[in-house]
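The values are calculated or read from the model by the stated rules, or taken from the named source; none is laboratory data. What you see is a predicted model; the values in this text were computed from it and never measured. Because the Cβ atoms are built from the backbone with ideal geometry, glycine has one as well, and the counts that use them run over all protein chains shown. Only protein heavy atoms, including side chains, enter the accessible area calculation; ligands, DNA and RNA are left aside. Shrake-Rupley method; radii C 1.70, N 1.55, O 1.52, S 1.80 Å.
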Amino acid sequence: MQFERHRPPRNPVAIGIELTDMQSEKHISAHTKDLTLFGCFVETATPFPQDTKVRLKMLRGGKQLFAHGRVTYSQPGAGMGIAFVTIEPSSLPVLDAWLANLREE
């Protein structure tokens, strides 16, 4: 018997994002390509390597989201997938509102 894996829908959206490698403190400013409840894809020519732990700050419509994440995959010249590990409690309503607005668009 095979199990079907359900993923949350990817919502295409460009959101400004600042990522910092938690080990080296290297900083990248970029934008997202899409956003889900569990993470995002960041478009950048110089992505961090897979498994890099990052701090992230996203800004859209005057609202900010702060979280920690991990690079789940890296595509040189294209970008990287980020999985949210922890989202600051004050940022959870921001993420919920962004996703609700994207579903309505």
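For the reader, a short list of remarks on this structure follows.
- A protection proxy built from the mean count of other Cβ atoms within 10 Å ranks the segments 84-92, 28-36, 58-66, most packed first, as 28-36, 58-66, 84-92.
- Hypothetical label at Ala97: residues of segment 50-64 whose amide nitrogen lies under 11 Å (7 Å Cα-Cβ projection): 60-64
- The stretch between Ser90 and Ala45, if pulled fully straight at 0.36 nm per residue, gains 13.1 nm over its current Cα-Cα span.
- Calculated diffusion of the chain, Stokes-Einstein form, Kirkwood radius summed over Cα pairs, 25 °C and 0.890 mPa s, µm²/s: 175 µm²/s
- Carbon plus sulfur fraction of accessible area for segment 5-105, probe 1.4 Å, in percent: 53 percent
- Based on protein heavy atoms only, segment 8-105 ends up with 55 Å² per residue of surface accessible to a 1.4 Å probe.
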